[in-house]
1. List, please: which pairs have Cβ atoms under 8 Å, are six or more places apart or on different chains, and start with a residue in region 22-43 that is outside the structural domain of residue 185 (by TED's automatic domain parsing) and crowded, with 22+ Cβ neighbours inside 10 Å and end with one that is at pLDDT below 85 and part of a helix (DSSP H, G or I)?
2. Every residue in region 327-378 that is assigned by TED's automatic domain parsing to the domain that holds residue 389, farther than 16 Å from residue 391 by Cα and touching a helix residue (DSSP H, G or I) at 6+ places or on another chain (Cβ under 8 Å), please.
3. Filter region 673-699 down to residues that are part of a loop (DSSP other than H, G, I, E, B), among the β-branched types (Val, Ile, Thr) and without any contact (Cβ under 8 Å) to a residue 60 or more places away in the chain and give me whichever is farthest from residue 613 (Cα to Cα).
4. Regarding region 106-126, can at least one residue be identified that is β-branched (Val, Ile, Thr), in contact with a Leu (Cβ under 6 Å, 6 or more places away or on another chain) and in the same structural domain as residue 164 (by TED's automatic domain parsing)?
5. Considering only residues of region 52-74 that are of a type in the set (D, E, K, R) and within 23 Å of residue 84 (Cα to Cα), which is surrounded by the fewest Cβ atoms within 10 Å (Cβ to Cβ)?
6. Between a residue in region 164-178 that is without any contact (Cβ under 8 Å) to a residue 24 or more places away in the chain and any residue that is among the basic types (Lys, Arg) and exposed (fewer than 14 other Cβ atoms within 10 Å of the Cβ), which pairs come within a Cβ distance under 7 Å, given they are 6 or more apart or on different chains?
7. So which strands (runs of 3 or more DSSP E) are wholly in region 248-346 and hold at least 2 residues that are surrounded by fewer than 18 Cβ atoms within 10 Å (Cβ to Cβ)?
8. Are any residues in region 209-230 buried (at least 16 other Cβ atoms within 10 Å of the Cβ) and part of a strand (DSSP E or B), and if so, which ones?
Amino acid sequence: MKKLLALVLALVMTLSLAVSANAAFKDAEKVNASYAKAVDVLSGMKVFQGYPDGSFQPEGSITRAEVAAIVYRLYTADVADKQASMYATYNKFSDMVGASWAAGYISYCANAELVKGYPDGTFKPSGNVTGYEVLAMILRVVGYDKNNEFSGADWALNVAKYAESLGILDNVDKSTDLSAPASRELVAELLFQAIQVPTVTYTPAFGYQADKVQKLEQVSIGYKNFKLASDDSEDAWGRPTTKWYKDSDKDLKFDSFEDTYAEVTATPKATFNVETSQCDICEALGVKKTTTVVDTYTNGKLDTKDVTYTATATKAMVGAQGEQIEFYQNADGDYRLVVIDTYLAYVNEVVTEKTDSKNHITRDAYMSLDVYKTSSDPVTLYVKGNDYAEEDWVLVNVNDEVDVSIIRTTNKAAQESDLVEIVAKAESFEGAQTETYLKSTKRTIDKKDYDVADNFYKDDAGLDGSVKYTWFLDQFGNLIGNDDVDTTSYAVLKSIKFVDKNDGAAEAVLVYLDGTEETVNVKSIDGLSVAVDPEEDSEAATKTVVSALDSNKEFTGDFSKDFNDASAEVGDTYKDAEFRAEEKQANGSWTVTSAEALVSTYAKYNKAYNGMALYKVETDKDGDVSLQGYNTIGYIDNATIKNDAAVIVASNDTTATSSNTKLALDNNTKFIVRETDDDGNYVYNTEYTLKTLPDYANKSVEAYYTMEGNFVNRVYIKNATDAAEFPAYVFVPTGADKYVKHVVGEGDTYWAYVYMNGELE
């Protein structure tokens, strides 16, 4: 048990390193936890900067020239390097060729006796700097070495003596070799500690004396040049936090109007994410008997009731599966407990930033989240930013210190983001549940066991191994929720043909709105079954299919001609559409054993389709697809699209009574446009946004669309201006399970050819 617990601790502790509000560097997680504060504060002061690629490279080496630049900024407070170049001509070293960028820094620091060269007259700007050399430079900034004690054979020993006595090395591991080339993070730590010690003045009579002021903190280089001060508090979740800031009013207490250099959260003494005994907690904290927890924060809400943990309490449990608990030690030796619950949330809306004509932001971007805090209905909360997409599932922490009504305000742009903290996008997988365990602490999904988080929000998967669900994992790998597999999407029907070997099924190629193509088996189109019982009277079946579509039984397709030349004519009846796959004569009459029905572009009953190509796609658990376009997809022709006005204007809309319909678009509208490539082949472009969409203001197009609320959320555009050029025929068999045979010319065999959007399959 203890071995397993140690593993859990090791894994989780990596998630809980000290963090900064600046978190500027992409490799910040690589910084030694002991030095993270120094890196964050110095970078926030703009004294110690990273690389152009956004990295800090904490373990990388640093040159003497680079340290000289940092020392210059600390001593002069010229973090913008506006005056450094002025001192380049005062250079006294012989080896500055190739280091011209640093000539000003080095010259200034040399003339101010902050840095020194070598006896041969060189500075060696590209050479690595040691820990002792860094200490010597920064101690000179503080005021030391006025008696030349950092020269001669014992210079390093004297440097170490002063650094040790001033506490500059308190946070440095005793095994660190200060005579070796220093890493960038070590240099940051030495500089950070040194700029907080009092500056000194030297006199032969009294030696080094600390400068006298009312408050000792205000005599440091950090305060004198940067007004650097700190104030202890806690973050929104109760974690002990130190704010490093620019003190504007000299009271050494942070006020909201003052600029923050960095906000650094403490590193916990121990962290757990499973139910743990008091005994094991005490062992992890190094407690032999008992310890007292003086403050407990649960999701940001403070409980000041003291709790005593006992080292021998093996059955008294704390925390739960997937619930993160962090222990922080106070200066007096007591502990603070921070409990943070993770919940599953669904991104139901993403609203982009809004600006005025002068590019001033009038509305921040925000996301609407459905947070599943319990098994009941979700709570809708709002978070600033647009880092995730609609329909994403994310992991969130919700601060309970403030009533959620504040976060549920209609003034969404005014939300405080720190009340809802997005941890990460939830990892997910599909699978069927086959087994549960006592107290639901485990689930077996596709023969693999998973632990269940304490805040698992939904429990209706059942034990039917044939039903698949989408399962979501928290940041610790526990199941935190499930959802029905999403079987609905939208796609353009690129082509379709019928395959006799699959009980008359149709094989279609779909192009989804993300550009992916998929070949599927189509079970039905708008309720028109692809396969009908062959033993059912096929003539009656054909009549039923046609009647379901139109009470006037108007159909298309004149089969008096060759099959490949079948034409669509308004007014054709269902009898014109009878297409016998098998027939036999008995008692002087024909008996139809199977037939086909034809859905076409130009039938009166089918006017709303008018070449329907965008469909709602529903997939059953067997992978068969049903396509729905009629009454699901809107269609307009002779339409214009105005990007600047974010609107589609239709001269005729078959789904509306108005002869001039306007449909509103927004920045979240997804577009798919049929275009032709250099070879004249049709391609389906899904890369367009509202801003990059070609201007169709003076060009009429066909458009198929879906609505969500008052806005169009999906648009398919046929770029052809003349729909008649691209007839769309869809043949729907009602029972044929063999090759199609023509009525005329008994014995002839044909495939059911289909034209879709002008493309022949």
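The values are calculated or read from the model by the stated rules, or taken from the named source; none is laboratory data. Computed from a predicted structure; not experimentally measured. Reconstructed Cβ throughout: ideal geometry from the backbone, glycine too, with neighbour counts over all protein chains shown.
1. Cβ pairs passing all conditions: none.
2. 363, 364
3. The extreme case among them is 692.
4. Residues of region 106-126 that are β-branched (Val, Ile, Thr), as a first pass: 106, 115, 122.
Narrowing the set further to residues that are in contact with a Leu (Cβ under 6 Å, 6 or more places away or on another chain) leaves none.
No, because not a single residue in region 106-126 is β-branched (Val, Ile, Thr), in contact with a Leu (Cβ under 6 Å, 6 or more places away or on another chain) and in the same structural domain as residue 164 (by TED's automatic domain parsing).
5. As a first pass, look at region 52-74 and keep what is of a type in the set (D, E, K, R): 53, 59, 64, 66, 73.
Those left that are additionally within 23 Å of residue 84 (Cα to Cα): 64, 66, 73.
Values: 64: 22, 66: 20, 73: 23.
Result: 66.
6. Note: no pairs meet the criteria.
7. Numbers: elements: 260-265, 270-272, 290-298, 301-303, 307-310, 324-329, 335-340.
Ranges flagged: 290-298, 301-303, 307-310.
8. 220, 228, 229, 230
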